[in-house]
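*Asks:* First, the structure itself, so that you have it in front of you.
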Amino acid sequence: MSVRLSIIPIQISDQQAALKWYTEKLGMEKIMDDPMGPELRWITVKLPEDEVQFVLANFGAFDPEGAQPGSTSGYVLWTDDIQATYQEWSARGVEFSEPPTQQMWGTQALFHDPDGNGWVLVQRPTPDTPSTTT
């Protein structure tokens, strides 16, 4: 039996604005954009090298007591070159709250989407990278 992660929800307030931001700023691909009634759409995006999709949705329209846009954080994206990714995304208009900073687990940079959802961009250390734990 094989089980894999497929879709992760991201709480957003404006689906069209979020679609534009995630595709233009982070370079994600739009996978699906289907109607879910008169006002909402099922929109999924993914990174070109990955299978996991993110659904850009405002589930508050279905459950006003539920999660609200900007209420999630800790999404982690791995990169093999954090400096290049940081420079490219910064040039596209991604505003980082923390530039690439060495941590025990590698180098990280922090940013938020326009709704305030928190993301962590991480480059894992390579075998020749000095450890910060010694």
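*Asks:* Hey, what angle do you get for helix 82-91 against the long axis of the chain, alpha-carbon based, 0 to 90 degrees rounded to 10?
*Replies:* Relative to the chain, helix 82-91 is tipped by roughly 50 degrees.
*Asks:* List the residues, sorted by chain then number, that are 5 or more residues from MET32 or on another chain and whose placed amide H is less than 5 Å from its amide H.
*Replies:* THR44
*Asks:* Continuing with this model, one more query. Please give the length that would be gained between LYS20 and ARG41 if that part of the chain were fully extended, namely 0.36 nm times their separation in residues minus their C-alpha to C-alpha distance (nm, one decimal).
*Replies:* This chain segment gains 6.1 nm when fully extended.
*Asks:* Can you tell me the dipole magnitude for the chain around its Cα centre, using point charges on the Cβ only (Lys, Arg +1; Asp, Glu -1), in Debye to the nearest 20?
*Replies:* 100 debye
*Asks:* Further question on the same structure: Going through the range 28-95, which GluC sites (Glu not before Pro) have at most 15 other Cβ atoms within 10 Å and a DSSP loop state?
*Replies:* GLU39, GLU49, GLU51, GLU65, GLU95
*Asks:* Full extension from MET104 to ALA67: what is 0.36 nm times the residue separation minus their Cα-Cα distance, to one decimal in nm?
*Replies:* 10.2 nm
*Asks:* Let me ask something additional. Excluding the sites themselves, what is the longest stretch of the chain that contains no chymotrypsin sites (Phe, Trp or Tyr not before Pro) in a DSSP loop with at most 15 other C-beta atoms within 10 Å?
*Replies:* 1-61
*Asks:* Could you sort MET28, MET104 by accessible area so the largest value comes first, with the probe set to 1.4 Å?
*Replies:* Sorted descending by solvent-accessible area, the residues read MET104, MET28.
*Asks:* Along the charge dipole of the chain, pointing to its positive end and built from +1/-1 on Cβ of Lys, Arg, Asp and Glu, which listed residue (GLY106, ILE31, VAL120) has its Cα farthest out?
*Replies:* GLY106
*Asks:* Same structure, new question: If every alpha-carbon in the range 1-94 counts as one equal scatterer, what log10 I(q)/I(0) does Debye give at q = 0.10, 0.16, 0.22, 0.25 1/Å?
*Replies:* -0.30, -0.74, -1.24, -1.43
*Asks:* Follow-up. In terms of modelled amide H atoms, which long-range or inter-chain residues lie less than 5 Å from the amide H of SER13?
*Replies:* Result for SER13 returns nothing.
The values are calculated or read from the model by the stated rules, or taken from the named source; none is laboratory data. This structure is a prediction, so every number in the text was calculated from the model and none was measured. Neighbour counts run over all protein chains shown; Cβ positions are idealised from the backbone, glycine included. Protein only, heavy atoms only, side chains kept; ligands, DNA and RNA dropped before computing areas. Shrake-Rupley method; radii C 1.70, N 1.55, O 1.52, S 1.80 Å.
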